[in-house]
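To start, the structure under review is shown below, and the notes come after it.
The values are calculated or read from the model by the stated rules, or taken from the named source; none is laboratory data. Note that the coordinates shown come from a computational prediction; the quantities given were computed from them, not determined experimentally. Counting neighbours? That spans all protein chains shown, and the Cβs are built from the backbone with ideal geometry, glycine included. Note: accessible area is taken over every heavy atom of the protein model, side chains too, but ligands, DNA and RNA are not part of it. Shrake-Rupley method; radii C 1.70, N 1.55, O 1.52, S 1.80 Å.
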Amino acid sequence: MRAEAYDTDALRAQFPILRRTVGEAGAPLVYLDNTATSQTPGCVVQAIVDGYTRTKANVHRGVHTLSQEATDAMEATRRRVQRFIGAESHEEIIFTRGTTEAINLVAASYCSLLQPGDEILVTVMEHHSNIVPWQLAAERYGLKVKAVPLNDDLSTLDLDAYASLLGPRTRVVAFTAVSNVLGTVNPVRRMVDMAHAAGAVVLVDAAQAVAHERVDVRAWDADFLAFSSHKMYGPTGVGVLYGRRGLLDRMPPYQGGGEMIAHVDIESSTWADLPFKFEAGTPDFVGIAAFHKAIDWMESTGIEAIAAHEESLLLRAESELATLPGVRIFGRAPGKCAIISFLMGTEASAYDIGMLLDQMGIAVRTGHHCAQPLMRALGVSGVARASFAAYNTPAEVDAFIAALRRIHKIFRLG
Ligand code: PLP
């Protein structure tokens with residue numbers, strides 16, 4: 001779809017939440033916190049309602065109609081996800097609660113196969129959910145966590161440093177495809193190839209990538225991939241871990257309980273086949289079934305069309321921001337995603353900006369964005385962040401800029 005054929009009005013009409021107002025003044029909601037979570041179209045909400053009103057029954061264990069329908073819906077989503085990310089088999093798709101749980105699964109399970117002194121390489125631009133699970137594993141198994149720094153542009157990863165940090169003890173490399181603060185799109189395939197050449201396996205955090213670009217695990221040659229439904233117009237509480245079959249087969253279960261066993265005795269148990277070995281307990285099968293609709297929605301809207309639309313909003317916002325003296329933008333990588341992290345002068349804190357924007361109906365996120373090591377590298381304690389999605393409009397960008405101009409005046413920034 002060409003950008004000019006993109007019908008934002010028709011698209012917005014599908015999102016009930018976008019009709020609401022905010023605050024006592026009843027300002028129309030301008031939702032620019034899409035990096036944290038994106039909104040959900042009516043078809044996905046309806047799928048959740050259908051799940052609770054028509055087919056709610058526990059999955060995989062029942063012979064009755066409802067249980068079989070619920071199971072079919074969940075397993076259909078698994079195959080949908082497999083096609084969506086180009087995985088070889090649906091058995092390589094494991095449902096989790098989100099990106100965070102997917103990474104914790106790999107950190108806890110894969111790292112148990114490593115030797116003391118082995119190394120895990122992350123980057124300084126990771127979300128805490130791609131740092132802390134590795135630290136926990138490092139403490140447990142005597143491993144070391146190292147991080148790739150930024151270039152002097154404070155936007156892109158220093159790939160020379162990456163090459164020199166990849167050593168004979170590097171066993172896992174874990175990095176984000178897209179920074180949730182800088183919007184930087186990392187050269188995934190190149191970084192994966194470098195890690196593989198050093199003998200490491202690679203986990204790609206695709207939490208920010210999946211809603212903005214076509215993700216293909218085979219094109220990336222990723223060993224593990226993690227992402228969350230709620231950032232791709234889907235329900236909360238659902239995420240995906242993709243893992244290469246050969247690796248998942250070798251890994252011990254992450255949690256024990258129902259679903260993940262083949263046989264249980266009091267002394268010991270054996271495990272179910274993939275993917276169930278890693279899916280202990282009752283999953284959010286209603287959410288998983290509705291996630292199917294979210295993927296359908298994204299693909300029928302067109303991932304490339306959404307990305308082109310978001311890019312046009314980003315360019316519009318950035319060119320206006322450039323006219324406001326004292327605005328500092330963090331993240332200048334070419335081809336970045338539609339995320340603008342910024343500060344205004346030194347007087348207005350990120351929190352001030354966020355609060356004032358909220359009073360004008362504009363939702364942005366403020367703070368460290370679960371990326372404290374990155375904040376330290378940028379030399380700030382927090383930033384304000386506006387991020388765009390399929391349903392945002394040029395008029396909303398203009399409202400955002402007009403609101404920033406008012407804040408600019410309040411703080412007498414020039
Ligand atoms: N990784 C990145 C790059 C993110 O932006 C986020 C959330 O913002 C996460 C991981 C964590 O995702 P979740 O909270 O859905 O587990």
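Excluding ligands, DNA and RNA, the accessible surface per residue across the chain is 42 Å² with a 1.4 Å probe. In this view, the solvent-accessible surface of residue 84, computed with a 1.4 Å probe and all protein chains in place, comes to about 10 Å². Using a simple spin-label model with pseudo-atoms 7 Å out from Cα toward Cβ, residue 27 and residue 83 lie 4.3 nm apart.
The listed residues 12, 169, 61, 78 rank as 61, 169, 12, 78 when sorted by accessible area, largest first, using a 1.4 Å probe. Computed with a 1.4 Å probe on the full set of protein chains, the accessible area for residue 6 sits at about 20 Å².
Rounded to the nearest 5, the antiparallel percentage of DSSP beta bridges internal to the chain is 60%. Using the Karplus relation 6.51 cos²θ - 1.76 cosθ + 1.60 with θ = phi - 60°, the per-residue 3J(HN,Hα) values for segment 266-283 come to 5, 7, 7, 9, 10, 9, 5, 6, 5, x, 5, 3, 9, 10, 6, x, 6, x Hz, with x marking Gly and Pro.
Residue by residue, segment 377-382 carries 3J(HN,Hα) couplings of 5, 7, x, 9, 9, x Hz when phi is fed to the Karplus relation 6.51 cos²θ - 1.76 cosθ + 1.60 (θ = phi - 60°); x denotes Gly or Pro.
Comparing 240, 254, 404 along the charge dipole axis of the chain, the residue lying farthest to the positive side is 404, per the Cβ-charge model. For segment 224-280, GluC sites (Glu not before Pro) meeting the loop criterion (DSSP other than H, G, I, E, B) and having at most 11 other Cβ atoms within 10 Å: 267.
Taking all protein chains together and a 1.4 Å probe, the residues 9, 118 rank 9, 118 from largest to smallest accessible area. Across segment 1-153, Cα pairs under 8 Å and at least six residues apart give a relative contact order of 12 percent. Model label sites at residue 411 and residue 163, defined 7 Å from Cα along the beta-carbon direction, differ in position by 4.0 nm.
Compared with the alpha-carbon gap, the fully stretched path from residue 64 to residue 318 is longer by 85.8 nm at 0.36 nm per residue. Taking amide H positions as modeled 1.01 Å from N, with prolines and chain starts lacking one, the residues under 5 Å from residue 237 and 5 or more places away or on another chain are 230. Per-residue ellipticity at 222 nm from helix content only, as computed over the chain with -39500 (n - 2.57) for each DSSP H run of at least four residues, stands at -11500 deg cm²/dmol.
Heavy-atom accessible surface of residue 410, to the nearest 10 Å², is about 100 Å², with a 1.4 Å probe and all protein chains retained. If you average the C-alpha positions of segment 111-168 and of segment 36-61 separately, how far apart do those two centres end up, in angstrom? Their Cα centres are 37 Å away from one another. Basic side chains Lys and Arg get +1 at the Cβ, acidic Asp and Glu get -1 at the Cβ, and with that the dipole of the chain about its Cα centre reaches some 540 debye.
The share of accessible area on the chain that comes from carbon and sulfur is 52 percent, using a 1.4 angstrom probe. With all protein chains in place and ligands, DNA and RNA left out, the 1.4 Å accessible area ranks 170, 366 as 366, 170, largest first.
Across the chain, the mean sequence separation of Cα contacts (distance under 8 Å, 6 or more residues apart), normalised by length, yields a relative contact order of 23 percent. Between residue 145 and 120, the built amide H atoms are under 5 Å apart, and every one of these is 5 or more places off in sequence or on another chain. Applying a DSSP loop filter and a limit of 14 other Cβ atoms within 10 Å to the GluC sites (Glu not before Pro) in segment 46-133 leaves 88. Karplus-based coupling profile of segment 183-193, in residue order and whole Hz: x, 4, 9, 6, x, 4, 4, 4, 5, 5, 4, with θ = phi - 60° in 6.51 cos²θ - 1.76 cosθ + 1.60 and x standing for Gly or Pro.
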